[in-house]
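See below for the structure under consideration.
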Amino acid sequence: YRAILELPKEPDLNFVYARIVADLSSPFARTVIANVGRDAGVNQGDSVLGRNGLVGRVISVGDNSSRILLLTDFNSHIPVLALSSDVQAILSGRNEAQPELQFVSEYAQLKDGDLVVTSGSGGQMPIGLPVGTIVTTESGKKQIELLDRPVGLSYVNIVKAQTIEPPANAVVLEDAP
């Protein structure tokens, strides 16, 4: 199908292994510092995986260090996909242990225990990185039990972002007046 549709090949994921050297989390911000930066090929926006799943993304980069915004931070908003129901949503941090799903269609049929992965929408992150499972609160809100706890991280893998080139015969739509 890929050849028939002339779609580009999905890029291979490249990882940079890093050690967390500082946890700057506070009641107002959830960030950590890793011991790799530009010199190792890390860029702003790169995804960050713990041992079991996504824990955050790189928000600033120095030559030898990078700051990682954790999924639990209030400023974290990641496009995700519930696999079994094929429902897309935004995973938003709340400065608490479990981020919540927002912008979910009222007709979506999400089930507790459904696996949630990154959707790849917007090109912010690669598609399919594992995030967590759905849990419903007593008030009926859908939250995510993360596969990896961002608290107490020691080592992470930073997924180096790659741009996907559009097909050669892609039609570019002009902005309407």
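Across the stretch 146-151, computed HN-Hα scalar couplings (Karplus, 6.51 cos²θ - 1.76 cosθ + 1.60, θ = phi - 60°) run 5, 6, 10, 6, x, 7 Hz from first to last residue, x flagging Gly and Pro. Amide hydrogen proximity for SER76: with H placed 1.01 Å from N in the peptide plane, the residues at 5 or more positions away or on another chain lying under 5 Å are GLY93.
Between amide H atoms placed 1.01 Å from N, distances below 5 Å from LEU54 occur with VAL131, all of them 5 or more places distant or on a separate chain. The order of the peptides 126-133, 12-19 by mean Cβ neighbours within 10 Å, most packed first, is 126-133, 12-19. What the phi angles of the stretch 135-143 give under the Karplus curve with 6.51, -1.76 and 1.60, with θ = phi - 60°, is a coupling list of 9, 9, 7, 4, 7, x, 6, 8, 10 Hz, glycine and proline written as x. Per-residue extension of 0.36 nm, minus the Cα-Cα distance of ASP23 and ASN43, leaves a gain of 5.2 nm for this segment. Backbone N atoms of the stretch 44-84 closer than 13 Å to the 7 Å Cα→Cβ label point of TYR155 belong to residues 50-52. Quantify, in whole percent, the carbon and sulfur part of the accessible surface of the stretch 1-132 (1.4 Å probe; protein heavy atoms only). Summing carbon and sulfur atoms, their accessible area is 52 percent of the total for the stretch 1-132. Report note on the peptides 48-55, 97-104: ranked by the mean count of other C-beta atoms within 10 Å, highest first, their order is 48-55, 97-104.
The values are calculated or read from the model by the stated rules, or taken from the named source; none is laboratory data. The structure presented is a predicted model; accordingly, all values stated were derived computationally and were not measured. Ideal geometry is used to build each Cβ from the backbone, glycine not excepted, and the neighbour counts take in all protein chains shown. Note: areas computed on protein heavy atoms with side chains; ligands, DNA, RNA excluded. Shrake-Rupley method; radii C 1.70, N 1.55, O 1.52, S 1.80 Å.
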